[in-house]
Amino acid sequence: MSQLNQIIASLLSDINEAKSKADESSRNLARIYASDDVLKFFPVPKIGIQNLEVELKYAIESVEEKPFQSSQSKERLAAYVKNFSEDLAKELRIELSKESLSNELYKGLGSYPSQGWEKNVAKMISGELESVTSSLTDFSRSIQKVQQNIQKSIPELVPIAVKSEGFAAVPTEKGSYELISFDKAGIRDFKVVKEYASEKEAILDANLISSSISSNKLVLSDFSKDPVSKLDAAKIKAGNLEVPIQVVNVKAASIAPKVLFEASFAEKAVFLKNPVRIQPWLIGRPAAPAPPASPRPTSQPNQEEDRTLQEIASAILKKKMIQLEAGISKIAMETVSTGLQVAVDIEKLKLVKPENIMTIKFTLNSQDFTMLDDNSNVSIL
Amino acid sequence: MITPRYISELLGAPMAAVIQAEAIAAKATANFIKEVGFTKATDASDPDFGAVRTITFSYQRVNADGTIQTATLAIPLLTIIPIPSLQVAEAEIEFDLALTQPEVSTKSTANSGSLDKTFLNNNDVRLRAIFGKKPSANPNAPASSVTANMNVKIKLVQADLAVGMVQLLNILDSSNKET
């Protein structure tokens with residue numbers, strides 16, 4: 001079983017070799033003619049092929065489509081993947097930044113993600129995609145694997161917030177977490193003036209404050225107003241925890257600090273003592289099942305992880321990976337070589353039904369045996 | 001059992017045969033010229049061919065003043081008889097081949113030049129065949145082991161001498177003169 005192109009190439013090569021044998025014969029005769037007193041006046045016999053027709057019967061045994069990667073297609077693929085990685089990282093940055101600015105939970109992130117974040121993510125994606133560019137064989141599976149790998153990295157690359165009973169541990173642009181209190185409308189109310197290394201630590205404090213509110217043991221003191229920022233501040237004591245708090249929403253500063261904080265905590269007490277279960281049918285969202293083996297503290301039943309940013313990242317990744325597959329598929333299609341595996345030997349052809357025998361016919365003329373220069377004159381080469 | 005031969009040999013053999021046939025014809029013409037046109041009576045001036053064979057005859061010629069004179073005329077024989085000179089102007093060769101299992105060998109990549117090696121398959125295929133009979137027009141006819149699956153038609157014409165060949169002939173010609 002050979003490829004049809006190899007068979008034709010072999011035939012053409014044989015035709016050339018046959019012509020060279022005829023020319024060789026002419027050369028030998030030329031020597032003889034030149035040495036003969038009479039024959040030297042005769043033209044040396046030399047033939048030219050004016051027309052050559054070959055008709056070959058063959059049977060197709062199989063059709064093979066093999067991707068081949070030339071240096072050109074490899075460069076194209078590498079450029080495509082590089083652009084894709086940069087585009088994906090850019091889109092992630094833009095969308096995450098948009099959400100951070102509009103979502104109350106992530107407002108503390110400021111201008112997150114940074115240009116550096118985008119650059120590093122693009123590099124990471126590009127690195128992951130190296131396996132795809134190295135071999136186009138089964139690239140669909142490779143892309144899936146890459147998608148899974150990037151998806152696994154998302155929790156490390158994109159922060160979450162954890163909500164718990166009117167409080168939320170939210171990420172900040174400094175890379176730390178802070179504990180924010182939200183009012184009924186979900187607007188930032190005040191924050192605990194303390195930097196937390198992780199959301200877990202912040203939530204532990206939130207739980208402590210919540211339980212103190214529930215048991216009416218929370219003590220508010222040291223009410224003040226920052227002379228520069230005009231933000232109200234106070235201090236809370238919940239069990240062993242004693243931390244300063246500060247109003248986040250400057251509009252609320254018109255009310256006296258003591259009144260403001262007391263009203264805020266009174267509202268929280270009502271909520272904590274009479275938790276209102278929001279009906280899923282009202283908000284059109286099924287109740288999220290609690291993760292079975294969550295490493296985060298689960299003592300508070302209403303604790304909820306907010307993965308909005310990660311979900312946005314996952315959605316963008318999913319959408320872009322479909323585009324990547326289509327793009328690579330297009331490049332792969334352009335660099336695929338189709339080969340016909342054929343049988344030409346008579347023994348095999350005898351076993352094939354006559355209707356399955358194909359014929360290829362090609363004709364060569366005198367021009368095909370002549371080397372011409374740029375001016376279409378016979379080349380002396 | 002006939003041994004299958006390479007296609008190049010099967011194609012080249014009839015082409016070379018046409019050339020050789022033409023050479024044989026030319027040789028015959030040369031021999032005819034030597035035998036008919038020359039006496040073979042060698043002398044110092046022409047050791048190979050001898051003297052030109054002529055036909056000598058005499059006739060009565062009337063001069064301008066009315067006198068009659070006997071004149072003798074010698075004409076080279078070659079000028080009055082046709083010289084058999086044949087040249088193949090055009091030849092058509094047609095034959096049918098039955099191909100055998102192609103030989104596949106791995107090409108050395110050293111000679112592949114700058115061509116993209118991944119595009120050009122490195123496997124070299126050589127075809128061998130035996131002469132076969134034309135496939136029967138009747139599809140129900142029993143298949144013979146030598147029924148051909150490849151038909152080749154070659155039309156040959158006299159070619160102009162290539163530049164290199166002309167140069168070669170000139171060199172040989174001048175070297176002959178010098179010796």
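Could you tell me how many of the residues in segment B:56-73 are surrounded by 10 or more Cβ atoms within 10 Å (Cβ to Cβ) and more than 52 Å from the chain's Cα centre (by Cα)?
The number of residues fulfilling the criteria is 0.
Being of a type in the set (Gly, Ala, Ser) and part of a helix (DSSP H, G or I) is the filter here, so list the residues in segment A:1-33 that pass it.
Residues satisfying the conditions are A:Ala9, A:Ser10, A:Ser13, A:Ala18, A:Ser20, A:Ala22, A:Ser25, A:Ser26, A:Ala30.
For A:Ser111, work out the one condition from (1) surrounded by fewer than 19 Cβ atoms within 10 Å (Cβ to Cβ); (2) touching a helix residue (DSSP H, G or I) at 6+ places or on another chain (Cβ under 6 Å); (3) under 30 Å from A:Pro244 (Cβ atoms); (4) hydroxyl-bearing (Ser, Thr, Tyr) it doesn't fulfil.
(2)
For residues in segment A:3-57 being at the interface with chain B (Cβ under 7 Å from one of its Cβ atoms) and of a type in the set (Asp, Glu), which is surrounded by the fewest Cβ atoms within 10 Å (Cβ to Cβ)?
A:Asp37
Just one of (1) surrounded by fewer than 17 Cβ atoms within 10 Å (Cβ to Cβ); (2) among the β-branched types (Val, Ile, Thr); (3) touching a residue at least 24 places away in the same chain (Cβ under 8 Å) trips up A:Val219, so point out which.
Unmet for A:Val219, out of (1) surrounded by fewer than 17 Cβ atoms within 10 Å (Cβ to Cβ); (2) among the β-branched types (Val, Ile, Thr); (3) touching a residue at least 24 places away in the same chain (Cβ under 8 Å): (3).
Is it true that A:Ile60 is in contact with a Phe, Trp or Tyr (Cβ under 8 Å, 6 or more places away or on another chain) and either closer than 30 Å to A:Ser126 by Cβ or in contact (Cβ under 8 Å) with a residue 40 or more places away in the chain (or both)?
So A:Ile60 fails the test.
Since every read-out is calculated from the coordinates, none of them should be taken as a lab result. Predicted model only: the values in this text are computed from it and were never measured. In this analysis, Cβ positions are derived from the backbone assuming ideal geometry, glycine residues included, and neighbour counts consider all displayed protein chains.
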